[in-house]
1. Being open to solvent by less than 50 Å² (accessible area, probe 1.4 Å) and more than 18 Å from PHE62 (Cβ to Cβ) is the filter; apply it to region 1-31 and report the residue that is modelled with the highest pLDDT.
2. When you check PHE168 against the structure, is it in a helix (DSSP H, G or I), at pLDDT 95 or above and aromatic (Phe, Trp, Tyr), yes or no?
3. Can you tell me which residue within region 189-230, out of those that are assigned to a loop (DSSP other than H, G, I, E, B), in contact with a helix residue (DSSP H, G or I) (Cβ under 9 Å, 6 or more places away or on another chain) and at pLDDT 95 or above, is farthest from ASN154 (Cα to Cα)?
4. I'm checking my understanding of the structure. Among residues of region 151-165 that are modelled with pLDDT under 90 and either of a type in the set (Lys, Arg) or open to solvent by less than 60 Å² (accessible area, probe 1.4 Å) (or both), which one is farthest from TYR109 (Cα to Cα)?
5. How do the pairs read when you match residues in region 127-149 that are within 14 Å of ASP159 (Cα to Cα) and touching a residue at least 24 places away in the same chain (Cβ under 8 Å) with residues anywhere that are surrounded by 15 or more Cβ atoms within 10 Å (Cβ to Cβ) and of a type in the set (Phe, Trp, Tyr), using Cβ under 7 Å and keeping only pairs 6 or more apart or on different chains?
Amino acid sequence: MDGKKSESVHGGHRKRVRDRFLASGFDGVPAHNVLELLLFYAIPNGDTNETAHELMRVFGSFSAVLDAPFEELLKVKGVGEYTAAFITFLPRFFKFYTSDKISEKDVTYLDTEKLHAYVCSKFQSEQSELIKLLCFNNSGELLRCCDISTGTKNSAHLDRRTLLETAFRNNATAVILAHNHPNGIPVPSGNDVKTTKEVFAILAGVSIHLVDHIIVSGSEAFSMASNPKYRMLFI
């Protein structure tokens, strides 16, 4: 089969795949087929099905492919620098998209649903544990969300001085502590409880109220202040 004929065959296949997804969406579609479609926009010509299968074999799942480091993607047969960069950027684009949908000026600690959606968006696609401080004014309106610590996949150290400096710099009268469990579930550990107690006491000493400690994993957010088991930590 010559090059032009091959290109025509793959072009027809790509159009059929695109039309099918446009008409039916992604529900019930095997992950490698979704990945095949995605690769259409990184690999201009040729069959992307084989590359999609190889990526799934190496990393195990669609989400793992998108979370894979750039250098590891380059090791996969059929993946060049352009394709590896394209895949690496996708979760970052989605994080930017979800964050952009929720304006900081619309977030208050009184609207739990919007607050949790906003906090989850800030940890989207993060593979390391991060600690953020959400600073609020007297009306409960969000002033700023600040990164105060970056750790490893399993832990992050909270520096008390950075905590206070961040709250003071943003004129916060109330704050929410938030961190993620990248490879776990959003349930407080013993260390999370200990940290919450310490942070509450430190902030109370300078008349700043710790409203909540939110733990995020994926699209789930756990509010310690809303849970009867931990509510007393915030009083």
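1. The selected residue is ARG14.
2. Answer is yes for this residue.
3. Ranking the candidates gives VAL206 first.
4. It comes out as LYS153.
5. Taking only residues 6 or more apart or on different chains, the pairs are LEU130/PHE123.
Every residue, every condition in (1) farther than 18 Å from VAL211 by Cβ; (2) in contact with a helix residue (DSSP H, G or I) (Cβ under 8 Å, 6 or more places away or on another chain); (3) among the hydrophobic types (A, V, I, L, M, F, W, C); (4) open to solvent by 20 Å² or more (accessible area, probe 1.4 Å), yes or no:
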site: PRO91; (1), (2), (3), (4): yes, yes, no, no
site: LYS114; (1), (2), (3), (4): no, yes, no, yes
site: ILE131; (1), (2), (3), (4): no, no, yes, no
site: SER139; (1), (2), (3), (4): no, no, no, yes
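The values are calculated or read from the model by the stated rules, or taken from the named source; none is laboratory data. From a predicted model like this one, the values you see are computed outputs, not experimental measurements. Counting neighbours? That spans all protein chains shown, and the Cβs are built from the backbone with ideal geometry, glycine included. For accessibility, only protein heavy atoms count, side chains too; no ligands or nucleic acids. Shrake-Rupley method; radii C 1.70, N 1.55, O 1.52, S 1.80 Å.
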